[in-house]
Amino acid sequence: RRVMRPRDVLARFGGDEFTFCFEKVDDERHARRIAERLGSALRAPFVIEGESRFITASLGIKLSRGEETPEALLADADAAMYRAKELGKARAEFFDETMRQRVVERLELETGLRDAIERGQLRVEYQPAVDLRSGEMVGVEALLRWDHPTLGTVPPDRFIPIAERTGLILPIGEWVLREACNQVARWQEDGAARSSELTMAVNVSARQLLSDELVGVVRSAFQDAGIPPGRLCLEVTESAVIADPDAALETLRELAELGVGLAIDDFGIGYSSLGNLRDLLPVDVLKIDRSFVSGMNLRSEDHAIVESVLQLAKALGVRAIAEGVETVDQADALRDLGCVYAQGYHYARPGKPTAVDELLGREALNEPLAEPGSDPTADPSDGMGAGGFEPPTSRV
Ligand code: C2E
Ligand code: MG
Ligand code: MG
């Protein structure tokens, strides 16, 4: 209310959504200024029972031309707000016509997602994580895919937020956990060479982390599959923890007691303080966000960040995995910094379980593929620096 004039209207729209109506707004710039004032008012901590709590707001803005119905005005502002959320939250977006199309699409996705499990449209792909020194596969990450009957394969970034908002992430997340654990059991039964050391990483979203059922769901997933809990590693993001740190940390502690591994995903782009990180240990793994890895040979800042995260991980006694390694130069730079684990297209793209089957029998993912007429006994490491081999991505 502090940033409003007496005539302006503030209403609670439902849940955690609020509507502001400002009269006599001249143009976009003026609206932008109001949005900035709102944003900065909300950035200040709220002190509740002596503790500072932070919230952020995603703002959707629609400038009225004075001819819309109130319902249409609200619907457009709502669409812009969803766009602001999609673009990373804590920001303001103006409505434009393409957003209306997105609303239709989102509704279509939401309706379809309700019975995607029963219709067998969901599946899991697996992306190997490797030891940078030997190229050996040390684990895989389960990545969800949705084969939509008309839209084709929908990437998780597009439907996970919908699943989160609607709560569908709970049954879907449970399905992924079971599927991933069963896959570990299958690889084990097949007796594949490396299967006994392989860790299965599964992503867990904020809503799952805050659900009372997660610990029980995880327990029955690995028990029913008959695999030891240590084979499973759950990946959570900093923002998922920050949504409700006390509850999240309690759940993480219980999960650690179960014996499953814990990783912080996309590390470095969240907002957690180092103090938070201290509370976050029992975490076993920090996954260095792809944005830093992709920039590390281009910007000295990114290189410095990767280096610092590696030092931090070492000091805290946790493993670090570099995400999104796409080139031999990035792999080299990481190895030079002492980074041990990596994941990325350079080694393998996410693939069907059968693609991993083949890799499970292979010594190293960065060994050169034997070309007709080439000398198969040549030292594989010769190929590395020179970049004289084809990354095995095409095989996965
Ligand atoms: P994430 O957990 O950080 O997963 C890594 C993402 O980076 C994956 O995208 C992967 O395909 C992609 N990636 C891996 N290596 C490279 C590379 O070298 N270059 C580039 N450009 N990308 C690479 P994907 O599969 O689209 O998943 C996106 C996000 O969706 C995941 O990010 C994760 O947050 C979420 N997600 C995926 N599956 C699940 C799930 O089962 N449950 C939940 N809650 N979230 C999931
Ligand atoms: Mg992940
Ligand atoms: Mg990540």
For this session: Collect residues whose amide H, placed 1.01 Å from N in the peptide plane, falls under 5 Å from the amide H of Leu59; neighbours closer than 5 in sequence don't count.
Result: Arg91, Ala92, Glu93
Seminar exercise, completed: Summed over the other residues with a beta carbon less than 12 angstrom from that of Cys339, with K and R at +1 and D and E at -1, the charge totals 0
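Using DSSP to call loops (not H, G, I, E or B), can you name the GluC sites (Glu not before Pro) in segment 179-278 whose Cβ has at most 14 other Cβ atoms within 10 angstrom?
Filter output for segment 179-278: Glu197, Glu213.
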Problem set entry | Order of exposure, largest accessible area first, which applies to Lys287, Lys352, Lys62, Lys24 with probe 1.4 Å | Lys24, Lys352, Lys62, Lys287
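May I ask you to compute the full-extension gain from Glu358 to Arg12, defined as 0.36 nm times their residue separation minus their alpha-carbon distance, rounded to one decimal in nm? Don't skip to the answer; put the middle values down first.
Details: separation 346, 0.36 × 346 = 124.56 nm, distance 5.53 nm.
Gain on stretching Glu358 to Arg12: 119.0 nm.
Over the chain, average the accessible area per residue using a 1.4 Å probe and give it in Å², no decimals.
Working: 20810 Å² over 396 residues.
Accessible area per residue: 53 Å².
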For this session: Just report the Cα centroid separation between segment 220-238 and segment 78-117, whole Å.
Result: 32
Exercise. What whole number of Å gives the distance from the Cα centroid of segment 288-316 to the Cα centroid of segment 25-57?
Worked result: 31
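Kindly provide the helix-only [θ] at 222 nm of the chain, computed as the sum of -39,500 (n - 2.57) over DSSP H runs of four or more divided by all residues, to the nearest 500 deg cm²/dmol?
Values: 15 runs with 173 residues, N = 396.
The helix contribution divided over the chain gives -13500 deg cm²/dmol.
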For this session: In whole Hz, with x marking every Gly and Pro, tabulate ³J(HN,Hα) for segment 116-130 from phi via Karplus 6.51 cos²θ - 1.76 cosθ + 1.60, θ = phi - 60°.
Result: 5, 5, 4, 7, x, 8, 9, 8, 10, 9, 10, 10, x, 10, 10
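Do you know the relative contact order of the chain, to the nearest whole percent, from alpha carbon pairs under 8 angstrom that are 6+ apart? Don't skip to the answer; put the middle values down first.
Values: 611 pairs, mean separation 46.9, N = 396.
Averaging sequence separation for qualifying contacts and normalising by length gives 12 percent for the chain.
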Problem set entry | Point-charge dipole on Cβ atoms (K/R +1, D/E -1) for the chain, about Cα centre, debye to 20 | 1320
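How high is the FRET efficiency from Ser300 to Glu326, r the C-beta distance, R0 30 Å, rounded to 0.05?
Details: r = 19 Å, r/R0 = 0.64.
Efficiency, from the Cβ-Cβ distance: 0.95.
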Problem set entry | Label-point gap, in nm, between Glu108 and Glu68 - each point 7 angstrom along Cα→Cβ | 2.2
Exercise. Count of lysine pairs in the chain with Cα atoms under 28 Å apart, counting only pairs 8 or more residues apart in sequence or on different chains?
Worked result: 9
For this session: Subtract the Cα-Cα distance of Ala41 and Ser308 from 0.36 nm times their separation in residues, and report this length gain in nm to one decimal.
Result: 92.8 nm
Problem set entry | Whole-percent carbon and sulfur share, accessible surface of the chain, 1.4 Å | 50
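The values are calculated or read from the model by the stated rules, or taken from the named source; none is laboratory data. For clarity, every value in this text was computed on a predicted model and none was experimentally measured. Because the Cβ atoms are built from the backbone with ideal geometry, glycine has one as well, and the counts that use them run over all protein chains shown. The accessibility values were calculated without ligands, DNA or RNA, using every heavy atom of the protein model including side chains. Shrake-Rupley method; radii C 1.70, N 1.55, O 1.52, S 1.80 Å.
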